[in-house]
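We did not get these values from a lab; they are worked out from the coordinates using the rules stated. From a predicted model like this one, the values you see are computed outputs, not experimental measurements. Neighbour counts run over all protein chains shown; Cβ positions are idealised from the backbone, glycine included.
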């Protein structure tokens, strides 16, 4: 069986919501749910938090993850993902594949990860990426230049032959947008292409809340409401809440 690394990126410099990755959600810090689902999945030989913060490291250890401290230059809001991935694979050598499980996707379940891993193994791909059907079609998006609108995708038309921006959503080509639920790739993909995607990318379609991504205050309020109403379920946390969170 391949040796698989579960990699949870959790830098401390979030600007839209300070300390977003450890912000409490339904009684536990946000990153705890990604740790819980990763550990429960049984897919990973090691589940690691890649962080620049000793405080984040303490919280992650409490919830069962190993810690890898990345250099500050790999932890800015403009640092590309490939940097922390290469750093992790260099320090933690010997893995065949890895998954990126972002803390902002707390409704990802252990079963989600297992389903994605089976699909990854069955596909002849360099990587697998979580996507969902877009709610706002790019055919209806515009750029503004000198006060005038210009269609972002002027060549897209619906099945009626009308321009995309004047067509009903069901008549437009299906478009999928990536979400934060997960990415899986072979280690040789990084080594050959210096990319976490490679050239052949499999589509993992998330179901319902599996791909719900928390990046704003509004997202947190919606997530808490979904849980309270029983419309979504968070992974089970089997340890007490971290006192310093």
Q) So what is the calculated 222 nm ellipticity per residue for the chain, using -39500 (n - 2.57) for each DSSP H run with n of 4 or more, over all residues, to the nearest 500 deg cm²/dmol? A) -8000 deg cm²/dmol
Q: Would you please state which residues of segment 87-103 a label at residue 191 would reach in this model, taking the label point 7 Å out along Cα→Cβ and a backbone N cut-off of under 17 Å?
A: 87-99
Q: Express as a percent, rounded to the nearest 5, the fraction of DSSP beta bridges in the chain (both residues included) that run antiparallel.
A: 50 percent
Q: State whether segment 1-117 is rounded, prolate or oblate according to the following rule on the C-alpha gyration tensor (a ≥ b ≥ c being the square roots of its eigenvalues): a/c under 1.5 gives rounded; otherwise a/b larger than b/c gives prolate, and the remaining case gives oblate.
A: oblate
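From Cα pairs below 8 angstrom and at least 6 apart in sequence, can you work out the relative contact order of the chain, rounded to a whole percent?
After rounding, I find 26 percent.
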Q) Hey, fewest Cβ within 10 Å first, where do 46, 15 land in order? A) 15, 46
Q: Would you indicate which of [x] -0.43, -0.74, -0.97, -1.18; [y] -0.35, -0.63, -0.88, -1.17; [z] -0.55, -0.84, -1.00, -1.15 is the value of log10 I(q)/I(0) by the Debye sum over Cα atoms at q = 0.09, 0.12, 0.14, 0.16 Å⁻¹ derived from the coordinates of this structure?
A: [x]
Q) Ranked by Cβ crowding within 10 angstrom, fewest neighbours first, how are 186, 117, 142 ordered? A) 142, 186, 117
Q | With Cα atoms, 0 to 90° folded angle of helix 81-91 axis to the chain main axis | A | 30 degrees
Q) In degrees between 0 and 90, to the nearest 10, how far off the longest principal axis of the chain does helix 217-228 point, with axes built from Cα atoms? A) 70 degrees
Q | Burial ordering of 144, 47, 125, 177, fewest other beta-carbon atoms within 10 Å first | A | 144, 177, 125, 47
